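Here is the structure we will look at, set down as structure tokens.
The values are calculated or read from the model by the stated rules, or taken from the named source; none is laboratory data. As the structure is a prediction and not an experimental result, all values here were calculated from the model. Here the Cβ positions follow ideal geometry from the backbone for every residue, glycine too, while neighbour counts run over all protein chains shown.
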């Protein structure tokens, strides 16, 4: 599994499988945010499968599905609210990680976290 840290409290990666959740717990993640709509690909598990596994490991799992290349201002606002309220660190994921990264880049200036130099892992 690929984990790319964009800040000290936010990382992104590609589609998770339920078996990946234990590894993310070992890495210290407290919240997962899925940006992929259910049924987008035949190879992806349903979000409820990820959420169920996350619950077993004491990790919060949130679903904010966004369409590739069509992230709206409402999507950005929802992400900023989820991130602000979620336990840190947060792992965002979608098919490739790009939507999760885009949401972070588009909202990081309004988030409380220091995303400047030296905050990356």
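Worth pointing out:
- Residue within region 9-21 that is touching a residue at least 24 places away in the same chain (Cβ under 8 Å), surrounded by fewer than 19 Cβ atoms within 10 Å (Cβ to Cβ) and closer than 29 Å to residue 109 by Cβ present: yes
- Exclusive hit being surrounded by 20 or more Cβ atoms within 10 Å (Cβ to Cβ), farther than 15 Å from residue 11 by Cα, under 15 Å from the mean Cα position of the chain (by Cα) and at pLDDT 95 or above, set 78, 54: 54
- Residues considered: 86, 116. Of these, the only one that is modelled with pLDDT under 95 and under 13 Å from the mean Cα position of the chain (by Cα) is 86.
- Given (1) modelled with pLDDT of 95 or more; (2) closer than 16 Å to residue 100 by Cβ; (3) surrounded by fewer than 19 Cβ atoms within 10 Å (Cβ to Cβ), number of the condition residue 25 does not satisfy: (2)
- Of everything listed in (1) closer than 17 Å to residue 96 by Cα; (2) out of contact with any strand residue (DSSP E or B) (no Cβ under 9 Å at 6 or more places or on another chain); (3) surrounded by 14 or more Cβ atoms within 10 Å (Cβ to Cβ); (4) modelled with pLDDT of 95 or more, the single unmet condition for residue 46 is (3).
- Residue 33 vs. criteria in contact with a strand residue (DSSP E or B) (Cβ under 6 Å, 6 or more places away or on another chain) and either in contact (Cβ under 8 Å) with a residue 24 or more places away in the chain or surrounded by 14 or more Cβ atoms within 10 Å (Cβ to Cβ) (or both): yes
- Taken as a whole, the condition of being under 19 Å from residue 2 (Cα atoms) and at pLDDT below 95 does not apply to residue 20.
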